[in-house]
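J.: If you scroll down you'll find the structure; I have some questions about it.
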Amino acid sequence: MQMYQITYEKPKVTLLQESGLGVAEIAARTCYDSFENSENECVRNAMTTLDSQEINRIESSDLLANLAWVHHHHSIIEHATLSYLIQGTSRGVLQEHARHRIQAISVRSTRYTMSSVINAFVASLESENGFEFFLEKLLELHLFVITDKAYLAIEIRAIYEKLKFQYDRDGDFINNAVAKSSLPLIEEYKYNAKALYEALEAGKKKRNVGDAFKHIVTDNWKVDMVVTFNIRSLKNYFDLRDSGAAWFQIQWLAQAMKEVTPVKYLKLIDKKYKDC
């Protein structure tokens, strides 16, 4: 019997910034006072004629390779960092990712970015078939990592029912959901869900709208984030997450990050690239 396969969207990763290897070699040479032994002229001259731009263009360092693979002295490579833009991973992955504590991480906030979802629900109250309207609008927003429409209908139904439950019991729901300046639109576009949704989207967004509605968010919800790792921490991340023991969604993310990581860094942290 053939197993049913749920379809997913994989994350997109872009390398935003790399610090270069030069600072890490300068740090190592400072420890050993061995600048004269560097194969990189700009490092040999660093203590007399410092050319920081040339140092940041260094593509390899024998000393760093020796420290990483012979002496396993990885603290030096903490001076090299990379920053990645990650688009379209899940909040489930975010929970796993955040366990890697030595990183800088900035994540798309549900607190500030849930307006379109709440606008869709408020507008759906003016539709004869509120859920169908809500479902159509949320599918257009591409909010989820799972892309299977049959599955998403179940998930979006649950979100709709949670919002409806809250609406039926919270007399201040609309005030929490809609900016004060947009409240007149609800009366203006009564019984016209499409026009109301478009007007709410064009109007002022309710500040911190997600504060009242975070409970609707699931692990399947897409997030974007910018992360910065030093390459010692990145080694730990790849060792654990680009592994068959890791959850498949975070494996996808680790693999996508590795694909955009320049080889000069991978040569210091991944044995597969050591001799490249």
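J.: Near Ile154, within a Cβ-to-Cβ distance under 12 Å, what is the net charge of the other residues, with Lys and Arg +1 and Asp and Glu -1?
T.: Summing Lys and Arg as +1 and Asp and Glu as -1 gives -1.
J.: Here's a follow-up. Specify the inter-centroid distance of segment 4-47 and segment 174-190, based on alpha-carbon positions, in whole Å.
T.: 52 Å
J.: Counting only C-alpha contacts under 8 Å and six or more residues apart, can you give the relative contact order of the chain as a whole percent?
T.: With pairs under 8 Å counted, the relative contact order is 30 percent.
J.: Suppose R0 equals 25 Å. What FRET efficiency, 1/(1 + (r/R0)^6) with r the Cβ-Cβ distance, do Glu140 and Glu161 give to the nearest 0.05?
T.: 0.80
J.: For the ranges 229-238, 184-193, what's the packing order if you count other beta-carbon atoms within 10 Å of each residue, average per peptide, and put the highest first?
T.: Sorting 229-238, 184-193 by mean packing, highest first, produces 229-238, 184-193.
J.: Also: Rounded to whole Å and sorted largest first, list the principal axis extents of the Cα atoms in the chain.
T.: 79, 55, 25
J.: Among 206-216, 119-129, what's the highest-first ranking by average C-beta atoms within 10 angstrom per residue?
T.: The most tightly packed comes first, giving 119-129, 206-216.
J.: Take the residue pairs Lys204/Lys258; Lys194/Lys258; Lys162/Lys204; Lys12/Lys264; Lys164/Lys204; Lys12/Lys205 and return only those whose Cα atoms are more than 32 Å apart.
T.: Distance filter (> 32 Å) returns Lys204/Lys258; Lys194/Lys258.
J.: Defining a contact as two alpha carbons under 8 Å apart and six or more residues distant in sequence, what relative contact order in percent does segment 1-151 show?
T.: Dividing the mean separation by the residue count of segment 1-151 yields 34 percent.
J.: For segment 115-212, with only Lys/Arg (+1) and Asp/Glu (-1) charged at the beta-carbon, what is the dipole magnitude about the Cα centre, in debye rounded to 20?
T.: 300 debye
J.: Need one number: nm distance between label points at Glu132 and Leu240, each 7 Å from Cα along Cα→Cβ, rounded to one decimal.
T.: 4.8 nm
J.: I would also like to ask the following. Once a ≥ b ≥ c are taken as the square roots of the eigenvalues of the Cα gyration tensor of segment 115-212, is the result rounded (a/c under 1.5), prolate (a/b larger than b/c) or oblate (a/b not larger than b/c)?
T.: Here segment 115-212 falls in the prolate category.
J.: Something else now. Please give the FRET efficiency for Tyr8 paired with Thr48, using the beta carbon to beta carbon distance and R0 = 41 Å, rounded to the nearest 0.05.
T.: FRET efficiency, Tyr8 to Thr48: 0.15.
J.: Could you work out the Rg to Rh ratio of segment 137-276, with Rh taken as the Kirkwood radius (inverse of the mean 1/r over all Cα pairs)?
T.: Expressed as Rg/Rh, it is 1.15.
J.: Applying 1/(1 + (r/R0)^6) with R0 = 22 Å to the Cβ-Cβ distance of Ala104 and Ser181, what FRET efficiency is obtained, to the nearest 0.05?
T.: Efficiency computed from Cβ-Cβ geometry: 0.05.
J.: While we're looking at this one, here's another question. State the extension gain, in nm to one decimal, for the chain segment bounded by Ser83 and Thr30, taking 0.36 nm per residue of separation less the distance between their alpha-carbons.
T.: Full extension from Ser83 to Thr30 adds 16.5 nm.
J.: Multiplying the sequence separation of Ile174 and Glu259 by 0.36 nm and subtracting their Cα-Cα distance, what value in nm do you get?
T.: Extra length available between Ile174 and Glu259 comes to 26.0 nm.
J.: Multiply the residue separation of Ala150 and Glu59 by 0.36 nm, subtract the distance between their alpha-carbon atoms, and state the gained length in nm to one decimal.
T.: Roughly 27.8 nm would be gained on extension.
J.: A further question follows. State, as an integer percentage, the relative contact order of segment 115-212 based on alpha-carbon contacts under 8 Å between residues 6 or more apart.
T.: 40 percent
Readers should treat all values here as calculations from the given coordinates under stated rules, not as data from a laboratory. All figures in this text were calculated on a predicted structure; none of them were measured in a lab. Counting neighbours? That spans all protein chains shown, and the Cβs are built from the backbone with ideal geometry, glycine included.
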